[in-house]
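Written out below as C-alpha cells is the structure these notes cover.
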Amino acid sequence: MHLGIDVGGTKIETLVLAADGREVFRERIASPHGDYGQTLDAIAGLRDRAEAACGALASIGVGTPGSVIPETGLMKNCNSTWLNGRPLPQDLADRLDNPVAVANDADCFVLSEATDGAGAGAGTVFGVILGTGVGGGIVVNGALLAGPNGIAGEWGHNPMPALAGAPEAVRDRLAALPARRCYCGRQDCVETWLSGPGLATTARAFGCEVADARALVALAEDAGAAQALLARSALELHQWQLAAALAIVINVLDPDVIVLGGGLSQVRMLYDVLPRCWDRFVFSDRVRTRIEPARFGDASGVRGAAWLGQRAVD
C-alpha cells in the first residue's frame with residue numbers, strides 16, 4: 001500500500017493506492033492556513049487514519065505547492081507561504097518515523113498522468129496545471145525530471161510571450177490592458193494571465209461582472225446574456241495567450257503529450273482551439289503534440305504523490 005499526500009493552500013488530501021493502482025482509501029481535510037506546526041499535525045493525523053484503515057504502508061509520497069532546495073532541504077516557491085524556509089521533508093520523516101518522498105504538486109500531477117493517465121505510454125509528457133496558479137512538470141520515459149534547481153517544468157513564472165502571429169484584434173485587446181505584478185516579484189508572469197484569477201481579471205477589465213473564471217465561462221456560453229460577447233472576447237485572448245505560452249514549451253521540449261489539469265482544464269473548447277492557435281507559434285511544419293484533459297482530474301496530484309513514494313522505495 002502506497003500513501004500519497006497532497007498539501008495545498010486550502011486542503012490536504014490523502015490517498016492510498018494498491019500496487020495495481022486501485023484506490024483503497026481517501027480523505028480530505030481543510031488546510032491549517034498559515035500554521036506550519038498544525039500542518040505537520042494534520043498530515044500525521046491523516047497518515048494514522050490511513051494506516052488504521054489499510055494496514056502497514058510501504059511508502060509515503062508528498063506533493064507540495066513549492067519545491068525543495070537541494071543543498072538545504074528547505075522549501076521554496078510555495079504560494080502556501082508558511083511552508084517556505086521550512087525543512088518539510090525532514091520534519092515529515094521525523095514526525096512520521098518513515099522516509100518521505102517530496103515533490104512539487106505539478107510534478108506529482110504529471111507523474112500520475114504519465115503512469116496510468118492520459119499520457120500513459122508516451123515518451124515525453126508535459127503536465128500543466130491551470131488553476132489558482134499555473135504550474136507544470138515533465139516526465140521523460142517514465143522518469144520525473146527535477147533538475148539541479150528543482151524547478152523543471154515551472155513555466156508559470158516565465159514572462160508571458162508576445163502574440164505576434166495572433167489576429168490583430170486579439171493583439172489590440174492585449175495592448176489595452178495594463179501590466180500585471182506577480183507575487184514572485186516579477187511582472188507579467190504566465191501565471192498572472194493564464195490562471196483562473198488571471199482570466200477573471202482580464203474579463204473584468206473588459207467590463208464583465210464576474211466573480212471568477214467559472215462564472216466567466218458560463219457567461220460566455222449564455223448567448224442571451226448582455227455581456228456574453230465581452231466574456232467570449234476575454235476567453236479568446238486567454239486561448240491565444242495559452243497557445244503562445246505552450247508553443248514555447250513545444251519548441252523547447254517537443255513533448256508527445258500535453259496534459260491539462262486544474263479548474264480551467266474543464267473548458268472543453270480548449271482541446272479544439274489550442275491546436276489551431278499554436279500552429280502560428282511552433283517552429284514546425286505540423287504540430288504532432290497531443291493535448292488531453294487529465295484522466296484523473298483533481299485526484300491526479302495525490303495519485304502522483306503515491307506513485308512518487310512507491311518509486312522511491314522500489
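The values are calculated or read from the model by the stated rules, or taken from the named source; none is laboratory data. What you are looking at is a predicted structure, and each value in this text was computed from that prediction instead of being measured. No Cβ is skipped: glycine too gets one built from the backbone with ideal geometry, and neighbour counts run over all protein chains shown.
Of note:
- Members of the range 58-82 found to be in contact with a helix residue (DSSP H, G or I) (Cβ under 7 Å, 6 or more places away or on another chain) and closer than 16 Å to Glu13 by Cβ, listed by number: Ile60, Gly61, Val62, Gly63, Thr64, Pro65
- Flag for Leu308 being outside the structural domain of Val125 (by TED's automatic domain parsing), crowded, with 20+ Cβ neighbours inside 10 Å, within 20 Å of the chain's Cα centre (by Cα) and aliphatic (A, V, I, L, M): yes
- Residue ranges of strands (runs of 3 or more DSSP E) in the range 79-185 with at least 1 members under 14 Å from Pro255 (Cα atoms), under 17 Å from the mean Cα position of the chain (by Cα) and modelled with pLDDT of 95 or more: 124-130, 134-140
- Residue within the range 187-196 that is over 20 Å from Met269 (Cβ atoms), assigned to a loop (DSSP other than H, G, I, E, B) and at pLDDT below 95 present: no
- Hits in the range 283-301 - residues which are closer than 19 Å to Gly123 by Cα and of a type in the set (A, V, I, L, M): Val287, Ile291, Ala294
- Residue that is surrounded by the fewest Cβ atoms within 10 Å (Cβ to Cβ), among those in the range 47-78 that are among the aliphatic types (A, V, I, L, M) and outside any loop (DSSP other than H, G, I, E, B): Ala52
- All conditions but one from (1) of a type outside the set (A, V, I, L, M, F, W, C); (2) free of Cβ contacts under 8 Å to residues at least 60 places away in the same chain; (3) touching a helix residue (DSSP H, G or I) at 6+ places or on another chain (Cβ under 8 Å); (4) surrounded by fewer than 21 Cβ atoms within 10 Å (Cβ to Cβ) apply to Gly21; the one that does not is (2).
- Residue that is surrounded by the fewest Cβ atoms within 10 Å (Cβ to Cβ), among those in the range 251-287 that are under 17 Å from the mean Cα position of the chain (by Cα) and hydrophobic (A, V, I, L, M, F, W, C): Leu270
- Search result, residues across the range 235-282 that are at pLDDT 95 or above, part of a loop (DSSP other than H, G, I, E, B) and over 19 Å from Ala166 (Cβ atoms): Asp254, Pro255, Asp256
- Criterion (surrounded by 16 or more Cβ atoms within 10 Å (Cβ to Cβ) and at negative phi) met by exactly one of Ala114, Ala120, Ala175: Ala114
- Members of the range 1-46 that are assigned to a loop (DSSP other than H, G, I, E, B) and of a type in the set (Ser, Thr, Tyr): Thr10, Ser31
- The listed residues are Val100, Val128, Val134, and the only one of them that is in contact with a Leu (Cβ under 6 Å, 6 or more places away or on another chain) and assigned by TED's automatic domain parsing to the domain that holds Ala306 turns out to be Val100.
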